[in-house]
Amino acid sequence: MAKKENRYKEYGIATQAVHTGTDYDAETGAVRRPLHMANSYKLPDDLSQVNYSSTDLLMYSRNGNANQHWLEEKIAALHHADDAIVLASGVGALHALFWTLLKTGDRVVYPNVSYMAVYRLFHELFNVKFGVETVMVDMTDLDAVRKAITPGTRLVHIETPDNPTNGVSDIAEIARIAHENGAILSVDNTFASPLNQTPLDLGADFVVEALTKFINGHGDAQGGAIISNDLETMDRIRYEAQVNVGAVISPFNAWQIFRGSVTYPLRMKQINETSLQVAKWLEQRENITFVSYPGLQSNPGHATAKKQMKNGYGGVISFGVNTDDKTVEKFCAALKVITFAVSLGHDESLIFPQPSYDERIHLYPEQFQNGFIRFSIGLEEPEDIIADLDQALRAVGL
């Protein structure tokens, strides 16, 4: 697929978020591109050159839709990239990337702390069903990474900060190690988002974003993106995973995320500031056993985060409370401003306990194995968030 021209390439990220992918509606002159809910488009009169598995021509929504293409322009621009593919979810994007790149006998190195779907895809599905060798490693430990990434490794996949412990991996250094061994590096950038971190600029080959989270930012649409400068492989992903597996995003979800992305840089700046303020408060609060946030100077990954995260440290705080699972649940239920729910990156703050009986808890650093909570900061006043945390802790005797 031809490289998309970005007329706003020399402008800042907020300007690109407003303007890239936006144009006048050709039919009405409206200053907002419309939602096209059609699943089929008019074909050219001459069909002799039409490839029905191609994504170059709007003809059927599984091959791509107009709202998807406009959103892809914007996502590519936010990452300083040549191309982006937008799919139905973040997990759909992860699967599409792995499905296209890997074959039986390949070796993959991935984090021992990662999003649950990555663990499932590698630990169970690609390993058991397709004979891909999958190796878990602590990506925050460069010595361990060097030992794990051997010649013959096909793919290295990292998250930074990782989900859910907020561990920080050195993208540039892991890219160097991967490339020295002939491997491809993919980075899940969802926790950081492109305002704070652009992994392609640090040497990554592919980036995945769960658009459902910070870029949409309103908790009302689902989507994922793959971003890269490797146009040939991106065309393969479109053909193999989008058209022939079918993880295409709906026009409505693409339209919703496009709308949300316009305010994304402003929201993310506020979330960055509030998150650091709340993390510092939590660090001083009694009965808090640990606070994991890359912006804290006490964080083991702070120096690396400071090197590779440009404008802030993201909107997720991982912390622990000195109590049992049931009391953690009661604490979450006692919150009045913060919402007790899964997901992250919404306009409202979201909190979710990681119970001690979770099947992967033994893979996390020791302090995360009891009273562990993942907290996504929203757009509420920081003073109100802090007061709500304090009253709920007091409500359960902490």
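The values are calculated or read from the model by the stated rules, or taken from the named source; none is laboratory data. This one's a predicted model, so the numbers in the text were calculated from it and none came from an experiment. All Cβ positions, glycine included, derive from the backbone under ideal geometry; neighbour counts span all protein chains shown.
Among the residues of segment 201-212, write down those that are surrounded by fewer than 24 Cβ atoms within 10 Å (Cβ to Cβ) and either within 18 Å of Ile13 (Cα to Cα) or touching a residue at least 60 places away in the same chain (Cβ under 8 Å) (or both).
Asp201, Leu202
With a cut-off of at least 2 residues that are in contact with a helix residue (DSSP H, G or I) (Cβ under 6 Å, 6 or more places away or on another chain), name the strands (runs of 3 or more DSSP E) lying wholly within segment 310-392.
316-321, 350-354
Could you check segment 159-176 and list, in sequence order, the residues that are buried (at least 24 other Cβ atoms within 10 Å of the Cβ) and assigned to a helix (DSSP H, G or I)?
Within segment 159-176, Ile171, Ile174 qualify.
Going residue by residue through segment 282-290, is there one that turns out to be of a type outside the set (A, V, I, L, M, F, W, C), under 20 Å from Val91 (Cβ atoms) and surrounded by fewer than 23 Cβ atoms within 10 Å (Cβ to Cβ)?
Looking through segment 282-290, none of the residues is of a type outside the set (A, V, I, L, M, F, W, C), under 20 Å from Val91 (Cβ atoms) and surrounded by fewer than 23 Cβ atoms within 10 Å (Cβ to Cβ).
Looking at Asp162, Asp106, which is the one that is farther than 16 Å from Phe206 by Cα and over 14 Å from the mean Cα position of the chain (by Cα)?
After ruling out the rest, the residue left standing is Asp106.
Please give the strands (runs of 3 or more DSSP E) falling wholly within segment 182-295 in which 2 or more residues are under 19 Å from the mean Cα position of the chain (by Cα).
Per the criteria, 184-188, 206-210, 224-228.
So Pro355 ticks every box in (1) buried (at least 18 other Cβ atoms within 10 Å of the Cβ); (2) out of contact with any Gly (no Cβ under 9 Å at 6 or more places or on another chain) but one. Which box is left unticked?
It is condition (1) that Pro355 fails.
For segment 321-338, name all the residues that are free of Cβ contacts under 8 Å to residues at least 24 places away in the same chain and under 24 Å from Lys213 (Cα atoms).
Ala333
Of everything in segment 141-158, what is closer than 30 Å to Ser298 by Cβ and not in a helix (DSSP H, G or I)? Give them in sequence order.
Asp141, Ile149, Val156, His157, Ile158
Among the candidates His79, His157, single out the residue that is without any contact (Cβ under 8 Å) to a residue 60 or more places away in the chain and within 15 Å of the chain's Cα centre (by Cα).
Result: His157 is the single residue among His79, His157 that is without any contact (Cβ under 8 Å) to a residue 60 or more places away in the chain and within 15 Å of the chain's Cα centre (by Cα).
Report whether or not Glu240 is modelled with pLDDT under 95 and either in the same structural domain as Gly314 (by TED's automatic domain parsing) or among the charged types (D, E, K, R) (or both).
The answer is yes for Glu240.
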